[in-house]
Amino acid sequence: MKARIDSEQIEAELDARGYALPGRLLAARECEVLRRGFGDDARFRSTIDMEPRRYGRGRYRYLAYPLPPVVQRLREALYPPLAAIANRWQERLGRDERFEPDLAAFLERCHRAGQTRPTPLLLHYEPGDYNRMHQDVYGRIAFPLQVAVVLSREGDEYAGGEFLVSEQRPRMQTRVSAMRLALGEAIVFANALRPVLGPRGVARAQMRHGVSELRSGERLALGLIFHDAK
C-alpha cells in the first residue's frame, strides 16, 4: 500500500478539474485479496443490485466494521491530506463546517449524529454493466472528497468500464471526463460539488461520477467514502 500522496499535486489537479490521479495506491497482491473477498458474506453489511433501483447495472457491497486491514489503513492515511484540502474548499465556499484533522475524530462526529454505518464498498461489474452518474452523500455530515481504486487488470481481465466524472458549472453545459485506470491505480474526486472561479467570484460546480458500460470481462473496484451513513 502506498500510504503517502503528493497533496500539493492532488490539490492542484482537484482545483483544475475536480479530480486527481495519484497513481497506484494498492499492490497487485492487495487487490487480489480484496477481489477474492467479494463473495464472503461475512465481510459485508449490505448488498445492492443496481438495476432494480435504476442506479445502472451491476452489484456493490458495503463493507462491515471492522474493515479489512488494507482498507482501514488506506482510509486513515488518505483522510488527513484530503481533509486539509476540503477545509480550504469550505472556506472558499463560505461554509462554516470544518473537518477534523484525523479520521477517528471525524467519524466520532458522524457517529454522534447517528451516522454509524461504514460506507467503504466493493463494486462488481460484468459485461453490459454500468453505473449511472450520481453523488454519494448518505447524511447531514458529508466529506466532499472520495477515492476509487481499480482492483482488476484492464485488457487482461476486462474492457470498457472507464471511470466517468461530470462537472456542471453555472450557466455552462456539462463537461465529462473518462479515465482508464490500471490495476491498483486510484482517482480522487469531488463527490457532490466544488468551488470554481466564475465571472462573479467563487461559484459552485455540481459534480457527479459513474462508470461506463463494461464491454467484456469482470471489473472490481474499491470505493473509499470517508463519512459513515445513517
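The values are calculated or read from the model by the stated rules, or taken from the named source; none is laboratory data. Everything numeric in this text was worked out from a predicted model, so none of it was measured. Neighbour counts are summed over all protein chains in view; Cβ atoms, including those assigned to glycine, are modelled from backbone coordinates with ideal geometry. Heavy atoms of the whole protein, side chains included, go into the accessibility calculation; ligands, DNA and RNA do not. Shrake-Rupley method; radii C 1.70, N 1.55, O 1.52, S 1.80 Å.
The table for this structure:
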{"quantity": "Output for the range 24-37, where each listed residue is touching a strand residue (DSSP E or B) at 6+ places or on another chain (Cβ under 9 Å) and surrounded by fewer than 18 Cβ atoms within 10 Å (Cβ to Cβ)", "calculated": "Arg24, Gly37"}
{"quantity": "Residues being in contact with a Leu (Cβ under 8 Å, 6 or more places away or on another chain), more than 18 Å from Phe143 (Cα to Cα) and either at pLDDT below 95 or hydroxyl-bearing (Ser, Thr, Tyr) (or both) - total across the range 50-101", "calculated": "1"}
{"quantity": "Residues located in the range 122-145, provided they are open to solvent by 10 Å² or more (accessible area, probe 1.4 Å), farther than 18 Å from Arg215 by Cβ and not aromatic (Phe, Trp, Tyr)", "calculated": "Met133, His134, Gln135, Asp136, Val137, Gly139, Arg140, Ala142, Pro144"}
{"quantity": "Wholly enclosed strands (runs of 3 or more DSSP E) of the range 1-63 bearing at least 3 residues more than 25 Å from Gln206 (Cα to Cα)", "calculated": "44-49, 59-63"}
{"quantity": "Tally of residues being touching a residue at least 40 places away in the same chain (Cβ under 8 Å), under 28 Å from Ser152 (Cβ atoms), open to solvent by 30 Å² or more (accessible area, probe 1.4 Å) and among the aliphatic types (A, V, I, L, M) across the range 174-230", "calculated": "1"}
